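Novice: Quick one: this structure, given as structure tokens, is what I'll be asking you about.
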Amino acid sequence: MQNRFTLELGENCSFCAKKRTGWFCNFSPEVLLEYNAIGTTIVLPPGGVLFAEGQIPRFVATLCNGRIKLTRSSRDGRTLLLKLAKPGDVLGLHAILRDIPYEVTAQATEPSQIRCFPQKDFLHFLNRYAESGMHAAESLGKEYITALNEASRLALSPTIAGRIADLLLELAIEDEVNTTPQPEIHMSLKHEDLAFMLGSSRESVTRALNDLKRDGIIAIRGTKIILLRKDALERLF
């Protein structure tokens with residue numbers, strides 16, 4: 001695992017045009033000024049580790065650009081991919097609030113821009129502004145929904161094809177393209193990562209994706225997956 005990162009100077013959240021409704025950092029101008037003042041922007045390369053499972057929490061981070069996979073490992077070396085964090089998500093919030101070791105490892109799957117906040121400064125920020133506390137509560141709620149969806153996918157779908165179908169439809173919702181006739185989603189995870197996420201093997205994931213392509217249900221172009229027949233995917237789960 002790589003853990004090198006690049007410090008980006010001159011980044012100013014107050015002038016950021018990327019933030020959108022639902023992002024943690026989508027604050028009012030006054031709160032955004034304080035948010036900007038206490039943070040530092042870094043860029044992680046693909047494979048770079050933001051923090052590791054079991055480490056003492058020193059900071060919380062928000063993802064500005066890129067994708068971060070969150071994984072957890074068992075004592076016998078098995079790995080479960082819990083979530084693929086997207087821009088606007090908060091990383092390490094639960095550990096910071098409870099002052100417990102990070103529960104997951106956060107690793108970039110592509111070049112990722114991240115805003116980091118020291119634990120003490122971030123907690124003061126939450127206590128000072130009710131708006132920030134509300135955003136934190138919303139973020140924890142999203143984490144709960146993600147965990148619920150993951151458990152449901154593994155427990156309720158008996159086939160790997162069904163689990164893949166459910167994941168693709170969920171990603172379309174997260175990318176806010178689910179209302180288009182043929183949603184196009186960004187997929188930065190390797191087949192091995194998908195296997196970790198879906199409780200299967202890399203070979204089974206590859207075979208299921210190839211079957212979906214052959215049946216004209218999806219198309220794959222580089223890191224893009226086009227959902228050609230959403231109705232067919234919905235019937236698989």
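The values are calculated or read from the model by the stated rules, or taken from the named source; none is laboratory data. All figures in this text were calculated on a predicted structure; none of them were measured in a lab. With ideal geometry, Cβ positions are generated from the backbone for all residues, glycine too; neighbour counts draw on all protein chains shown. The protein model used for the area step is the full one, side chains on, heavy atoms only, and it has no ligands, DNA or RNA in it. Shrake-Rupley method; radii C 1.70, N 1.55, O 1.52, S 1.80 Å.
Novice: Could you go through the stretch 90-96 in sequence order and give the Karplus-derived ³J(HN,Hα) for each residue, using 6.51 cos²θ - 1.76 cosθ + 1.60 with θ = phi - 60°, rounded to whole Hz, and x for Gly and Pro?
Specialist: Rounded to whole hertz, the list is 9, 10, x, 5, 4, 5, 5.
Novice: Set Lys and Arg Cβ to +1 and Asp and Glu Cβ to -1, take the dipole of the stretch 120-237 about its Cα centre, and tell me which of ALA136, PHE122, LEU209 lies farthest positive.
Specialist: Value: LEU209.
Novice: On to the next question. Within the chain, how many Lys pairs that are eight or more residues apart, or on different chains, come under 14 Å at the alpha-carbon?
Specialist: Pairs that pass both the separation and distance tests number 11.
Novice: Another one. Considering only protein heavy atoms and a probe of 1.4 Å, how much of the accessible area of the chain is carbon and sulfur, as a whole percent? Walk me through the numbers on the way to the answer.
Specialist: Details: 6630 of 12370 Å².
Carbon and sulfur atoms account for 54 percent of the accessible area of the chain.
Novice: First select every other residue whose beta carbon is under 12 angstrom from the beta carbon of LEU32; then total the charges, Lys and Arg +1, Asp and Glu -1.
Specialist: Here the count lands on -1.
Novice: Work out, step by step, the length gained on full extension between LYS190 and SER152: first 0.36 nm times the residue separation, then minus their alpha carbon distance; give nm to one decimal. Walk me through the numbers before you get to the answer.
Specialist: Numbers: separation 38, 0.36 × 38 = 13.68 nm, distance 2.22 nm.
So the extension gain works out to 11.5 nm.
Novice: What residue among SER139, SER112, SER74 shows peak mean-square fluctuation when the chain is described by a Gaussian network model with Cα springs under 10 Å?
Specialist: In this elastic network of the chain, the residue with the biggest mean-square fluctuation among SER139, SER112, SER74 is SER74.
Novice: Under 8 Å for C-alpha pairs, at least 6 residues apart: give me the relative contact order for the stretch 25-100, rounded to a whole percent.
Specialist: Relative CO of the stretch 25-100 lands at 29 percent.
Novice: What are the ³J(HN,Hα) values, in whole Hz, obtained from phi via the Karplus relation 6.51 cos²θ - 1.76 cosθ + 1.60 with θ = phi - 60°, for each residue of the stretch 112-123 in sequence order, with x given for Gly and Pro?
Specialist: Running phi through 6.51 cos²θ - 1.76 cosθ + 1.60 with θ = phi - 60° gives 9, 9, 9, 9, 10, 10, x, 3, 4, 5, 5, 5 Hz.
Novice: With charges set only on the Cβ (+1 for Lys and Arg, -1 for Asp and Glu), what does the dipole of the chain come to about its Cα centre, in debye to the nearest 20?
Specialist: 500
Novice: Further question: Would you pull out the residues with amide H under 5 Å of PHE51's amide H, same chain only if 5 or more places away, H placed 1.01 Å from N?
Specialist: The answer is ALA106.
Novice: Something else: Specify the residue with the greatest mean-square fluctuation among ILE220, ILE164, ILE42, computed from a Gaussian network of the chain linking alpha-carbon atoms under 10 Å apart.
Specialist: Among ILE220, ILE164, ILE42, the largest mean-square fluctuation in the Gaussian network model of the chain belongs to ILE220.
Novice: Build a GNM of the chain with springs between Cα atoms under 10 Å: which of LEU80, LEU194, LEU156 gets the top mean-square fluctuation?
Specialist: The residue that fluctuates most here is LEU156.
Novice: Let me have the 222 nm mean residue ellipticity of the chain computed from DSSP H runs of 4+ only, each contributing -39500 (n - 2.57), with the sum over all residues rounded to the nearest 500.
Specialist: Computed mean residue ellipticity for the chain: -12500 deg cm²/dmol.
Novice: Calculate one ³J(HN,Hα) per residue across the stretch 189-204 by plugging θ = phi - 60° into the Karplus curve 6.51 cos²θ - 1.76 cosθ + 1.60, and present them in order as whole Hz with x for glycine and proline.
Specialist: 7, 6, 4, 5, 5, 4, 4, 4, 6, 9, x, 9, 9, 4, 4, 5
Novice: Related question: Explain nothing, just the number: relative contact order of the stretch 57-130, from Cα pairs under 8 Å at least 6 residues apart, as a whole percent.
Specialist: 45
Novice: Please report, in debye to the nearest 20, how large the charge dipole of the stretch 66-130 is about its Cα centre when each Lys and Arg carries +1 at its beta carbon and each Asp and Glu carries -1 there.
Specialist: Here the size comes out at about 100 debye.
Novice: What is the chain's relative contact order, in percent, from Cα pairs under 8 angstrom and six or more apart in sequence?
Specialist: Details: 414 pairs, mean separation 43.2, N = 237.
The normalised contact order for the chain reaches 18 percent.
Novice: Shifting gears a bit: Collect residues whose amide H, placed 1.01 Å from N in the peptide plane, falls under 5 Å from the amide H of PHE59; neighbours closer than 5 in sequence don't count.
Specialist: Placed amide hydrogens put GLN119 under 5 Å from PHE59.
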